[in-house]
Amino acid sequence: MPSSPPFTEEHDELRASVRGFIERELTPHAEQWEREEWFPEEVFGKLAAQGLLGLKYPAEYGGQGGDFLHESVMIEELARVGSGGAAAGIGAHIGIATPPIWKFGDEQQKQRYLVPAIRGERIGALGITEPGAGSDVAAIKTNAERVDGGWIVNGEKTYITNGVRAHFIVTAVKTSREGGHHGISFLIIDRGEGVTSSKLNKLGWHASDTATIALQDVFVPEENLLGTLNEGFALIMANFQWERLAMALGAVGAMQVAYEKTVDFAQQRSTFGRPLAGHQAIRHKLADLATSLHTCRCVTYDALRRFVDGEDPLKEVTMAKLLTQRACFEMMDDCLQIHGGAGYMSEYWVERAARDARLGPIGGGSDEIMREILGRVLAL
Ligand SMILES: Cc1cc2nc3c(=O)[nH]c(=O)nc-3n(C[C@H](O)[C@H](O)[C@H](O)COP(=O)(O)OP(=O)(O)OC[C@H]3O[C@@H](n4cnc5c(N)ncnc54)[C@H](O)[C@@H]3O)c2cc1C
């Protein structure tokens, strides 16, 4: 099969190798991790040994010297783990926690955090959301008070992926009494005195440790300020496009797997003397699913191509995030329906896939926020 632009044969080779690794090393454990609501730390070490935690990072920091396209391959293939939670934990580490350090960190921050993160020795989280501020990022209240040699931080972050296991949290804080966008800064907070995590129970992504993190009189040294003081909003905006593209790619990957498995099921299972796929209603539904998958892939790859070409594809990335997350959830619901009663049983992959997919229209900027952005971009 010819490569789909923007991917080339080189990316197809990477895809085959990543897929082989994931299906060999990770997929067989997915059910256990979901049951235990945790996946082991050693997964990061295994991924690092394959170079998979640093595909887009320069070789001087231990990365593979690739780019966003290489990581895109990895993100799509993570869907084959069969655990949205494990994919989310890995994805948060490579996709949202470490990129700000790479882009905005000084040399010593890169050495202290990025290098061990690429080696899988230190795991990262991104802490922006708070109980009182999700979509409205400017409303965060976690406060950093200037003291000799650094800051004292007090506040609470919530719904943080890797929030229990993370060794460091790239954290949005208020560093100015001024309201709005200009009083936000980022501090890299090490797990230690005053940092307490509580794991949250949730509908899907069971293997991931989504947590509330209480920060009580946490001293953060001066050298852990990431980027410019009071200009943290720029840091948030800088990675949003990649985070949302990554979510779109993850949805395309999950839809591909779901489509393959559901077609297989529909060809194996018979009712009224013929395979399910032999009934027109089911065949048409599968045709619709294939069309939805293809549409999501085209829109996502178009946004990705623009992104790697250095355009500022705010409109296309926002559309890709908006389209794919809802389409993925709807597809999982349709796949579940085609599985009948089996689809409702925990032992079938599709029960988990449907729960896992529900996060997409909420996380990383909700559907409503995507529409608000499009309203502005399209000058509506
Ligand atoms: C499993 C999980 C993992 C997460 N991981 C992380 C993480 O690692 N780091 C992190 O910082 N955050 C994380 N989040 C937080 C996530 O980004 C937020 O939940 C999301 O941005 C929505 O914020 P909120 O929950 O506060 O909802 P709210 O902002 O309170 O919104 C509630 C509802 O109102 C809608 N709404 C809000 N404003 C408007 C408006 N202006 N117009 C119309 N509708 C509106 C929203 O779309 C939503 O439907 C995670 C969340 C989950 C559930």
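Mind checking which residues of the stretch 355-376 are more than 17 Å from the chain's Cα centre (by Cα), surrounded by 17 or more Cβ atoms within 10 Å (Cβ to Cβ) and either within 16 Å of residue 334 (Cβ to Cβ) or more than 8 Å from the ligand (Cβ to nearest atom) (or both)?
Correct list: 373 only.
Give the stretch 232-249 a look and list any residue that's surrounded by fewer than 20 Cβ atoms within 10 Å (Cβ to Cβ) and away from the ligand (no atom under 16 Å from the Cβ), or say none.
Selection gives 234 alone.
In the stretch 327-343, which residues are open to solvent by less than 60 Å² (accessible area, probe 1.4 Å), closer than 30 Å to residue 302 by Cβ and without any contact (Cβ under 8 Å) to a residue 40 or more places away in the chain? Spell out how you get there, then give the answer.
Here is the first cut: in the stretch 327-343, the residues open to solvent by less than 60 Å² (accessible area, probe 1.4 Å) are 327-329, 331-332, 334-336, 338-343.
With closer than 30 Å to residue 302 by Cβ added as a condition, the list becomes 327-329, 331-332, 334-336, 338.
Matches in the stretch 327-343: 329, 336.
Hey, residue 324 hits all of (1) of a type outside the set (A, V, I, L, M, F, W, C); (2) open to solvent by less than 30 Å² (accessible area, probe 1.4 Å); (3) within 12 Å of the ligand (Cβ to nearest atom); (4) in contact with a Gly (Cβ under 9 Å, 6 or more places away or on another chain) but one; which does it fall short on?
Answer for residue 324: the failing condition is (3).
Pull out all pairs, ordered by first then second residue, where Cβ-Cβ is under 6 Å, the residues are six or more apart or on different chains, the first lies in the stretch 81-108 and is within 17 Å of residue 350 (Cα to Cα), and the second is small (Gly, Ala, Ser) and within 16 Å of the ligand (Cβ to nearest atom).
From the stretch 81-108, the pairs are 81/87; 83/207; 84/204; 85/207; 85/208; 86/207.
Being small (Gly, Ala, Ser) and within 20 Å of residue 358 (Cα to Cα) is true for just one of 72, 83. Which residue is that? First the steps, then the outcome.
Values: 72 fails: within 20 Å of residue 358 (Cα to Cα).
Answer to the selection: 83.
Kindly list, by first and then second residue, each pair from a residue in the stretch 132-157 that is over 15 Å from residue 214 (Cα atoms) to a residue that is surrounded by 16 or more Cβ atoms within 10 Å (Cβ to Cβ) and small (Gly, Ala, Ser), limited to pairs with Cβ atoms under 7 Å and residues at least 6 apart or on different chains.
What qualifies is 135/366; 139/133; 151/144.
Return yes or no: is residue 204 at pLDDT 95 or above, open to solvent by less than 30 Å² (accessible area, probe 1.4 Å) and not in a loop (DSSP other than H, G, I, E, B)?
Values: at pLDDT 95 or above: yes; open to solvent by less than 30 Å² (accessible area, probe 1.4 Å): yes; not in a loop (DSSP other than H, G, I, E, B): no.
Here the answer is no, as residue 204 does not meet what is asked.
Anything in the stretch 174-199 that is open to solvent by less than 10 Å² (accessible area, probe 1.4 Å) and either touching a helix residue (DSSP H, G or I) at 6+ places or on another chain (Cβ under 8 Å) or in a loop (DSSP other than H, G, I, E, B) (or both)? List them, or say none. Reasoning before the result, please.
The initial filter retains those residues of the stretch 174-199 that are open to solvent by less than 10 Å² (accessible area, probe 1.4 Å), namely 183-189.
Listed by number, the residues that qualify are 184, 185, 186, 187, 188, 189.
Suppose we filter 157, 174 for residues that are under 21 Å from residue 140 (Cβ atoms), within 13 Å of the ligand (Cβ to nearest atom) and at pLDDT 95 or above; which single one remains?
Step by step, each of 157, 174 is checked, and only 157 is under 21 Å from residue 140 (Cβ atoms), within 13 Å of the ligand (Cβ to nearest atom) and at pLDDT 95 or above.
Tell me which residues, restricted to the stretch 85-117, are open to solvent by less than 10 Å² (accessible area, probe 1.4 Å) and among the hydrophobic types (A, V, I, L, M, F, W, C).
The answer is 86, 90, 92, 94, 97, 101, 114, 117.
Which count do you get for residues in the stretch 207-231 that are open to solvent by less than 10 Å² (accessible area, probe 1.4 Å) and either touching a Phe, Trp or Tyr at 6+ places or on another chain (Cβ under 6 Å) or not hydrophobic (A, V, I, L, M, F, W, C) (or both)?
Number of matching residues: 6.
So which residues in the stretch 344-354 are of a type in the set (A, V, I, L, M, F, W, C) and open to solvent by less than 30 Å² (accessible area, probe 1.4 Å)?
Just the residues of the stretch 344-354 that are of a type in the set (A, V, I, L, M, F, W, C), to begin with: 345, 349-350, 353-354.
350, 353, 354, listed by residue number.
Could you please let me know if residue 135 is of a type in the set (Gly, Ala, Ser), within 13 Å of the ligand (Cβ to nearest atom) and either more than 20 Å from the chain's Cα centre (by Cα) or open to solvent by 10 Å² or more (accessible area, probe 1.4 Å) (or both)?
yes
The values are calculated or read from the model by the stated rules, or taken from the named source; none is laboratory data. Since the model is a prediction, treat every value here as computed from it, not as a measurement. Note: ideal-geometry Cβ built from the backbone for every residue, glycine included; neighbour counts use all protein chains shown. Surface areas here come from the heavy atoms of the whole protein model, side chains and all, with no ligands, DNA or RNA. Shrake-Rupley method; radii C 1.70, N 1.55, O 1.52, S 1.80 Å.
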